[in-house]
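Where a number appears in this text, it was derived from the coordinates with a stated rule and is not lab data. Everything quoted here is computed from the prediction, not taken from an experiment. Note that we place each Cβ from the backbone using ideal geometry, even for glycine, and neighbour counts take in every protein chain shown.
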Amino acid sequence: MCRYPIARPRACGLLLLATFVCGVFSSGSRAQDPDALRQWGQRYEREILPLVQSHCLECHQGDDPSGEFDLSGFLTADSIVAKPLIWEQVGKRIRLNEMPPEGSRQFSDPEKGRVYAWLDARPQEDECRNLATDETQAWYKGFVMSRRLTKTEYLNAMRDLVGMEVDSRFEIPSDGAGGVGFDTNGSTLFTSPIHIEQYLAAADDLLQRAFDDPDTRRALLPSFEPSMEVTDQSRAALARFGLRAWRRPLGDGELDRLMRLYEFAQSQTPSDAGSTPRDESTEPMETSWPTNALNGLRYAMTGILISPNFLFVVEAEAPEGGVQRLSDYELATRLALFLWSSVPDEELLAAAAEGRLATEAGVLDETRRMLADPRARALGENFGLQWLGLSHFLTSAKPDVEVFPEFDQALAQDLREEVVRTIAGVFQENRPLLELIDSSTIVANGRLARYYGVDAEPDADWQRWDVTSLPRGGVITAGAVLMHTSYPRRTSPVLRGRWLLEEVLGARVPPPPPGVPPLEESVTEQVVSLRVRLELHRRNPECAACHNRMDPLGFGLENFDALGRWRDNDHGVAIDAQGTLPGGQTFQGPDELKQVVLSRSEDFQRHFSRKMLGFALGRELTKFDDCVVDDCLEALAEGEHRSRAVVETIVTSFAFQHRYFKAAEAP
Amino acid sequence: MSHSSPTRYTRRRFLRSAQAMLALPFLPSLSRGTVHGAEGTPPLRNAFIYFPNGVWERGWKPEQTGADYQLSPSLEPLEAIRSKVLVLSGLDKKHSHGGDGHYAKTANFLTGMPVAKTTGKDISSGGISVDQLIAQHLAGQTPLPSLELGTEPVISGVDSNVGYTRLYGSHISWQTPSRPVAKEINPRVVYERLFGRKVTDDQRRAESYRNLLDFVLDDAAAVRQRLGRDDQFKLDEYLDSVRAVEMQIEYATRQDPREWEPNVAPEVVAAHEPGVPGDFREHIDIMLNLMVLAFQTDSTRVCSLMFANDVSGRNFSFLEGVNNSHHELSHHENNEAKIQQYQLINRWHTEVFARFLERLDQVQEGEGTLLDHSLVMFGSSISDGNRHDPDNLPILLGGGGGGTVASGRHLAWDQQTPLCNLYLALLRRNGVDVERFGDSEEELAIG
């Protein structure tokens, strides 16, 4: 019985299958030697096809194949050869005993052995240094990298450039995400008139305040030399600020145009009291800029901050197109956006100017320096929160106050901050990547530490606490995650299990089919535990295929309530935190659950590396990018799984330092 | 009522008299030329209001058609205003039958065309949305061509299972098939866009902003040349947006092109200066009030609003009898208890909509009310949330369209009547002379 009770429109399954195929394609590894591949396909026809026909096809074919996965196109050697990478996913599901699902005819051990041996024999070939060749350029069609800054990057950059935060009343619209799931993806960043309005108003206001504040102004401008020409000094000040904001030296023509803005502002009668610095009298005359010059500078700097040279990541190219290495300045910008979600600082720009980014060692030096910098917090706050689906945690976490009167915004902020610091900390301190799964420490302030049951002073500052004796450590048991994966009034083992599979292990869980059948009324009317209800649900084989994967993982976390607090019982019923995986493996509670996840740590590392690479590149990944992911895994294995291996592999990768350009259009 | 108060101002008098409180979009009030005397006919205003996650059809669709229909349980809150509402059923969005349950249904709510299945690359809603097409047609007649409002930030991430970027669930307004319009969710910012920031010395500020925008347009042209072909269109978005802001400034500094003048007392505008909304209900209320005000002051004639993003998991237990979140309850699994709660949420949406119409109806304008001169569409992009069907959509149309809509009826069409037929009818009422829109077959007969 494999049909869903309500048939879906036909086009639906086919469309979904198409993506499934593409998606799987990009998660495989290499292109293959044609002869070896053909033999591998013929072996499929001989040895594997009979098993597929007897065990799989009943559900995985037709207009509405289970899991939107149709195997009826894979009945010949040729079809296998055409799409070899699908079998990586199929193999994974079989090895985890997730397929065939419970209640269906299972493979015998010798049959499994035959499948595994065939899967392992898939021919492989290395293509790591091929970002794109003439034959493979089709992969890169439409890839956009010259994108505008994201909201986060914009706000960080303004802060780092000017030394003050943009006032929150200038609300920059939020960004959606694309590619592997991040807002850095060029093709999902759009510019609307409200952006321009807000950029203009925000820059105007920020510079006004910065110029009004003596300390900020001093940091922003070189000191004034009365003996020198004012105009020359102003030009130099704009060149210095422009270099930071536009991440490259400005050309003479550009400076000329900025000086025209400068002169325009000077020509205006200064009647706006706010534009005159207030500390004129307290500052020694010889070090202060003339008011007129300050007005001109402020105005021209506003121009710098609303220019596309600032707002866009401009990676210019030679007219002939093709694959090119980025300029050192462009590379500096990519590094700063990746590690800081901001623009380069003076030191990084100096490294670019001096040619130090031209060597791998130079790039690594800067990377290490930047990771140790407080600005690397962005890896937690931007990359980390997006990876875990927590970007809007403060506004989306809505436990029901009736059930959870203890919940308040302060708690939500603490929980969010914990995740930010945990993820950033792993990179800043170069800790093992697997600490994100299981760790003997947590990062918390006193209030949050006590929330988790650590004996701490309530007003203790943020720090690392030992939680060896507590079921905490890592992101899976972080309160923010446990809350994010709950309903307003109760926990959901399904949501938690699905979250763990997707965000941590990188597995795919298809959405429930439309028109999910109701549980029989005689059952729903009884008061039964969630576990019993879900078990009833899983008796239906079409539900079981996915729920057998998700629910047990979620049950392992049942000791945490919808606010992420530990509990031994739920409304008087003792918590049963046991889970049984499709393969029959059982575990008990969060600690053992983490061991289960660690036993699949390669899946996690691969998924995490993909996520980070996609974030860094700001685009979808292709099969060539899998070389970088493989390199990340290798580097992790060689470096005691220290997290920086991933970052260092990415920043030195061919894909990060190069770009494929399509030839420019003739004017 | 304020419209009959002796302190009534015309818009221009108000602008001249209000020095601190400025009444032009984003920028400042600027002194105007001569004041026109004649009041023309009030213009048509258009609102497109979306709510997520569908409805329980049996509780929504009235059983009878025509003028004597009985309001269904979910539509009961319309009672007081029913003579000015059309209930439309049987409308369908055929290009949403494929694709996933949500994203492929919502992004094209106002385009009616197929949504490209993508996690970002070559994104497309299939066409320009009906609100944006009207806005383009009316460009230059009001300070702002359109407003796009919401209550939630863009959904982050991609849904790798169904293969769509989630941003599709956050946008119904599309300037082009590949360019969603950012929506404003902060009432404070909306207010400032509509009625200006408190700045002095306006003419000079306008001049200085214009000069800056000229500077960046030159920059953008230079940058554009250095980019590869696939990147240039991203710069075009920037260029178009800068030009749009320039047009706003331009509008503010030249002669008002309108013959008709709205009447709004400055106190009315000032009284609506929003604070930070306490909760969702308040947030929606403020947004709707701002829409009334935007229409009332003729700051714009086109507005779209998303009550929430698609798949919104907002907790609705603020309603008596509801104890779960919206999306969760919309997947009611035909469970009676869940359906009951789902219906309460549906009903609440109708209530808020009805209140909005009533407010529009309280604004006297020429011979009738603001509502009489409006076309307010309200609906969802799926019918039953459990099945995600894009046919028999729950659609209401409030307002008289300047005497072009025969309201107060339930009109039921055969299944598979394109929703775009309605859009065609709305477009033509705005003077947009098109043969067809989206998958329209003919103009929907609502007159």
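Structure notes:
- Centroid-to-centroid separation of the stretch A:379-424 and the stretch A:39-56 [C-alpha atoms, Å]: 48
- Cβ-derived FRET efficiency at R0 25 Å, A:R159 paired with A:E347, nearest 0.05: 0.90
- Think of it as helices only: each DSSP H run of n ≥ 4 in the protein assembly as shown is worth -39500 (n - 2.57), and spread over all residues that comes to -12500 deg cm²/dmol at 222 nm.
- Members of A:K611/B:K121; B:K121/B:K234; A:K83/A:K623; A:K611/B:K117; B:K94/B:K117; A:K611/B:K105 lying beyond 24 Å, as alpha-carbon distances in this model show: A:K611/B:K105
- Efficiency of FRET from Cβ geometry, A:R260 and B:R243, R₀ 22 Å, rounded to 0.05: 0.60
- At R0 = 22 Å, FRET efficiency that the Cβ-Cβ distance of A:D215 and A:D167 yields, to 0.05: 0.75
- Across the stretch A:160-219, Cα pairs under 8 Å and at least six residues apart give a relative contact order of 41 percent.
- Chain B: relative contact order as a whole-number percent, Cα under 8 Å and 6+ apart: 32
- Sorting A:233-246, A:302-315 by average packing, meaning the other beta carbons within 10 Å per residue, from highest down gives A:302-315, A:233-246.
- Paramagnetic label zone (point 7 Å from Cα along Cα-to-C-beta, B:Q64; backbone N under 15 Å) in the stretch B:389-415: B:408-412
- In the protein assembly as shown, a dipole from Cβ-located charges (positive for Lys and Arg, negative for Asp and Glu) runs towards its positive end, and of A:G41, B:W260, A:L482 it is B:W260 whose Cα lies farthest in that direction.
- Cα-based shape type of the stretch A:151-311, given that a ≥ b ≥ c are square roots of the gyration tensor eigenvalues and the cut on a/c is 1.5: prolate
- Length-normalised contact order of the stretch A:151-311 in % [C-alpha pairs under 8 Å, at least 6 apart]: 26
- The Cα center of the stretch A:64-127 and the Cα center of the stretch A:201-251 differ in position by 62 Å.
- Kyte-Doolittle mean at least -1.0 and Cα axial length at least 30 Å: DSSP H helices in chain B: B:202-226, B:229-253, B:336-362
- Annotation: for a label point projected 7 angstrom from Cα along Cα→Cβ of A:K92, residues of the stretch B:153-180 with backbone N closer than 14 Å are B:160-161.
- Whether the protein assembly as shown is rounded, prolate or oblate, judged on the alpha carbon gyration tensor where a/c under 1.5 counts as rounded: oblate
- Ranked by the mean number of other Cβ atoms within 10 Å of their residues, highest first, the peptides A:403-413, A:152-162, B:410-420 fall in the order A:152-162, B:410-420, A:403-413.
- Counting every other Cβ atom within 10 Å of each residue's Cβ, A:R489, A:R93 order from fewest to most as A:R489, A:R93.
- Modelled this way, with points 7 Å down the Cα-to-C-beta line, the labels at B:E259 and B:D414 are 4.3 nm from one another.
- Taking label points 7 Å from Cα along the Cα-to-Cβ direction, A:R539 and A:V323 give a separation of 5.8 nm.
- Taking the number of Cβ atoms within 10 Å of each Cβ as an exposure proxy, the fewest-first ranking of A:M259, B:M306, A:M550 is A:M259, A:M550, B:M306.
- Dipole of the stretch A:151-311 computed with +1 at Lys/Arg Cβ and -1 at Asp/Glu Cβ about the Cα centre; of A:S227, A:G303, A:A265, farthest Cα towards the positive end is A:G303.
- Exposure proxy order (Cβ contacts within 10 Å, fewest to most) of B:C303, A:C543, A:C632: A:C543, A:C632, B:C303
- For the protein assembly as shown, a crude dipole built from +1 on the beta carbon of Lys and Arg and -1 on the beta carbon of Asp and Glu, taken about the Cα centre, is about 1000 debye to the nearest 20.
- Span from the the stretch A:446-470 Cα centroid across to the the stretch B:309-324 one, whole angstrom: 34
- Charge dipole (Cα centre; +1 on Lys/Arg Cβ, -1 on Asp/Glu Cβ; no other charges) of the stretch A:326-372 amounts to roughly 160 debye.
- Magnitude of the charge dipole for the stretch B:360-438, about its Cα centre and with charges confined to Cβ atoms of Lys, Arg (+1) and Asp, Glu (-1), is about 120 debye.
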